[in-house]
Protein chains: 2
Amino acid sequence: MDKKIKRPLPKCGIDYAFQRIGGKYKGRILWRLRAGTLRYGELRKTVTGVTSKMLTQALRELEDDGLISRKVYVEVPPKVEYTLTETGKELLPFLSLLRDWAKEQMLINQVEAMPGRS
Amino acid sequence: MDKKIKRPLPKCGIDYAFQRIGGKYKGRILWRLRAGTLRYGELRKTVTGVTSKMLTQALRELEDDGLISRKVYVEVPPKVEYTLTETGKELLPFLSLLRDWAKEQMLINQVEAMPGRS
DNA sequence: CGGGATCCACTACGATACTG
DNA sequence: CAGTATCGTAGTGGATCCCG
């Protein structure tokens, strides 16, 4: 109990941000939600490699930090939808640019790894 | 030996980027280098809380990924300078935006944590 | 001064099983 | 369907000592 006492609130903004969107899956979760609402099961399929435990944990932290909202439909079978909050959406331009940068780097590294290519 | 086989090169750009600039100190290291060259000891002082082991490790990875350059002056006492590469500099706008976002969030969370404040 | 080497703690992460 | 519980692993980070 009292699971709330986590992540010690750093003074540095860069640090603060990385604690919120860092980790193994949070970036990809946010990115997948850019187009709109997704259900838990849909996230599990599109965020490849994630286990239900890690997905749940990441989603809970993102929710606690106000980056996504969680809507539960009380029905059978259960249905839970996740959506970016306004605060979460503010991160999209950042993620988009970061992704462009990464794409470029991945290409360069690929070329460098090719033998016999000048 | 063969320490190079690390970080399995993800297909997703977001993942790729976070593996490069994620971790506990990389973000702050890059951010500190935004103003220009810094020596190893200067980084140790300004990146608060970092140990020499972790600083060295982070700097090596950043160097391997082409985000910073390392210049060794062969003299006594030794002197090593670290500088952002062009690729590394490309990340500065993102880090800057991320930091602005974080600053805002930190303020909001601070207000929410204040009792008796409307 | 700028590290490397070693040992150890912690926790992030993963596999599996189970549930309302 | 959307989780929770439990256990085990692996990687990350820290303390300390040593070196050119």
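Quick one: how many residues across the range A:76-102 are among the charged types (D, E, K, R) and more than 10 Å from chain B (Cβ to nearest Cβ)? Number satisfying all stated conditions: 4.
Among residues of the range A:52-79 that are hydroxyl-bearing (Ser, Thr, Tyr), those with a beta-carbon under 7 Å from a residue that is near DNA strand D (Cβ under 7 Å from one of its atoms) and open to solvent by 50 Å² or more (accessible area, probe 1.4 Å) at least six positions away or on a different chain give the pairs A:TYR73/A:LYS79.
Scanning the range B:40-58 for residues that are assigned to a helix (DSSP H, G or I) and touching a helix residue (DSSP H, G or I) at 6+ places or on another chain (Cβ under 7 Å), we see that the one that is nearest to A:PRO10 (Cα to Cα) is B:THR46. If you check B:LEU43, B:LEU92, B:LEU59, B:LEU84 for being under 15 Å from the mean Cα position of the chain (by Cα), under 22 Å from B:TYR16 (Cβ atoms) and within 16 Å of DNA strand D (Cβ to nearest atom), only one passes: B:LEU59. Return yes or no: is A:LYS71 open to solvent by 50 Å² or more (accessible area, probe 1.4 Å), within 12 Å of DNA strand D (Cβ to nearest atom), modelled with pLDDT of 95 or more and outside any strand (DSSP E or B)? Answer is no for this residue. Note on the range B:23-39: among residues that are open to solvent by 80 Å² or more (accessible area, probe 1.4 Å) and not in a loop (DSSP other than H, G, I, E, B), the one that is farthest from DNA strand C (Cβ to nearest atom) is B:ARG34. Would you confirm whether any residue within the range B:65-75 is in contact with a Lys or Arg (Cβ under 6 Å, 6 or more places away or on another chain) and within 14 Å of another protein chain (Cβ to nearest Cβ)? There is at least one residue in the range B:65-75 that is in contact with a Lys or Arg (Cβ under 6 Å, 6 or more places away or on another chain) and within 14 Å of another protein chain (Cβ to nearest Cβ).
The values are calculated or read from the model by the stated rules, or taken from the named source; none is laboratory data. Remember, predicted model here, so these are calculated numbers, not experimental data. Neighbour counts run over all protein chains shown; Cβ positions are idealised from the backbone, glycine included. Each accessible area value is taken on the protein alone, full model and side chains, heavy atoms only, with ligands, DNA and RNA left out. Shrake-Rupley method; radii C 1.70, N 1.55, O 1.52, S 1.80 Å.
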